[in-house]
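Shown next, in structure tokens, is the structure this report addresses.
The values are calculated or read from the model by the stated rules, or taken from the named source; none is laboratory data. The structure displayed is predicted, hence computed values, not measured ones. Reconstructed Cβ throughout: ideal geometry from the backbone, glycine too, with neighbour counts over all protein chains shown.
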Amino acid sequence: MRHRNLYQILFAAVIFCGCNSTQKIVTTYYAENEQVLNNIEQSFKTLYRQRPFSIEFTDRSFNFFSIEIMTDSLKYIYEFGINEKRIKDTLLKYALNKEGILDIITQMRSIQCTWINNLDFYVDQEKHSLVFISMRPVELSKPFTNKKYYIITYFSQPQYFDNEGKLLVKKQMKRTRKINGEIFWRINDKVCYTISARFR
Amino acid sequence: MVIDVVSASDEIHFKNDTTPVSTQQQAIDFIKKIDTLIKSDYWPHIRPKTFLENIRLNIYKPLSIYEGVSTNFCGYAALSYILLHDDPLQYAKFMIELYEHGEATMGKVFFHPSPEIEQAAGAMKFKGKLDISPADQIWFLSLADHFKGYLNVFDKHYDAGDEDKLWASVNYAKFNRMVRELFNERVDAIGSDLIHPAINDLYEYISSKMKKGTMVLYINNTFLYKKTHSALKLAIPTHYIILERISKIDDTITIVYWDYGGRSLRQLTPKFLKRITYGISHCTKKMNDAP
């Protein structure tokens, strides 16, 4: 019986610590990595305009990544080891900015960023887009943590939020907007975050 | 000489084909004649103009049909690929009929969507391009409302948000049944919802079948499109893709497939292909003397 109580206390402590660390990440992660994140977002937006693409780190140790290159007729999906020489050949083949893409990959790796992509969403039948960045911080990799990814979205226009900071569909409409099935929260007018079980 | 014989044989098969097929041009000619539609009483959230625009887009660009973000509509989208390529005129006529009268027939199937479906269509949100595709909402919801498999047993009644849940899911037998009943196609299916097909050389099997018809693969999507880095992954299929091309050099297989409103090219190993594949459905037009 004594052992059972002990296990219950330990279990509660683990859960409590998990919640606390998650909260800490939410409040401090963006501030600590703001400069790198903004650089990644800006570079990605510029290069995406030249040719749409996305980058995903496919393993936990950030040694392999996949790049999706969109052309008019096909989306090419390639996977590389981080130091593979054929990366450059592939980027050249699809007329992608070699230095720019490699710089994004290096910066993503430096802050455990797992995925970057451009997502479309619609307001009043009108298409808008946002930059979707997922991270897998070490703090969220602990056991008993279901939601392991910290996601940041960059909008082109200022967004609307309720009193609690939840992202809304429109100013007049108090309906919460979901992106990839998740509710997002305010960092500033154009940047939101959430913590998710999936990185994409 | 051999090639001539094969061509002649194909010609005969085409003439004997009992499947009502149409061309993209026939569908374009049909839809061009429809300038306006009267707003339907059956679909209160759908404006005729956007409905027609959606139908036109699907006819002109059949690859663009998109199942939406986080929905379980991929089986219905794969089905739509077959319809939009093999019989776009039937698609156009069926959709107009369904919009105007709230009921319509395709193949052996009579569709009479429930009032909940009529209310839901046109009102879906946060599903990406599906948000602005009201005809696709009608089509996917009507299919999910009508066809039921064992995965739908515990959720047969549509409630808001059910497009992401078991209500909309498509088990393998249900997918093959839908193709047979809707399009009068012959479906040679091998595989299941739990066990990989017992084929030694998957590449050889698939590539030998791909000379005719449409090839649908039922796959485990958690490997094809990783969403987590977890080592523990459910070993079950969750996604349907249309395989358009397959080739092999040494130990690298290159596939071109259609899903999520576009074509993708990806390279994989034979082991990986075997790991993700649970079902292979080869759909061909039925012949007069077909069993």
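Cβ contacts < 7 Å: first residue under 17 Å from B:Lys49 (Cα atoms) and within 11 Å of chain A (Cβ to nearest Cβ), restricted to region B:116-129; second residue buried (at least 19 other Cβ atoms within 10 Å of the Cβ) and of a type outside the set (A, V, I, L, M, F, W, C), any location; separation 6+ or different chain. Result?
B:Lys129/B:Tyr66
Checking A:Glu126 against (1) facing chain B (nearest Cβ under 9 Å); (2) crowded, with 21+ Cβ neighbours inside 10 Å, which test does it fail?
(2)
If you take the residues of region A:69-78 that are within 8 Å of chain B (Cβ to nearest Cβ) and surrounded by fewer than 17 Cβ atoms within 10 Å (Cβ to Cβ), which of them is nearest to the chain's Cα centre (by Cα)?
A:Leu74
Considering every residue within region B:236-246, establish whether at least one is surrounded by fewer than 14 Cβ atoms within 10 Å (Cβ to Cβ), under 26 Å from B:Tyr76 (Cβ atoms) and at pLDDT below 95.
yes
Go through region B:153-206 and give me each residue that's crowded, with 17+ Cβ neighbours inside 10 Å, more than 18 Å from the chain's Cα centre (by Cα) and under 30 Å from B:Lys127 (Cα atoms).
Of everything in region B:153-206, those that are crowded, with 17+ Cβ neighbours inside 10 Å, more than 18 Å from the chain's Cα centre (by Cα) and under 30 Å from B:Lys127 (Cα atoms) turn out to be B:Tyr158, B:Asp162.
Select from region B:248-262 the residues that are within 14 Å of chain A (Cβ to nearest Cβ) and more than 28 Å from B:Leu151 (Cβ to Cβ) and list them in ascending order.
B:Thr252, B:Ile253, B:Thr254, B:Val256
So the check is Cβ under 6 Å with 6+ separation or different chains; which pairs have a first residue in region A:90-117 that's more than 22 Å from A:Asp59 (Cβ to Cβ) and a second one that's in a loop (DSSP other than H, G, I, E, B)?
Listed pairs, sorted by first residue: A:Leu96/A:Arg51.
A:Ser129 - would you say it is out of contact with any Leu (no Cβ under 9 Å at 6 or more places or on another chain), part of a strand (DSSP E or B) and of a type in the set (Ser, Thr, Tyr)?
Considered against the rule, which asks whether it is out of contact with any Leu (no Cβ under 9 Å at 6 or more places or on another chain), part of a strand (DSSP E or B) and of a type in the set (Ser, Thr, Tyr), A:Ser129 comes out as no.
Considering (1) away from chain A (no Cβ under 14 Å); (2) among the charged types (D, E, K, R); (3) under 17 Å from the mean Cα position of the chain (by Cα), say which one B:Lys209 fails and leave the rest.
(3)
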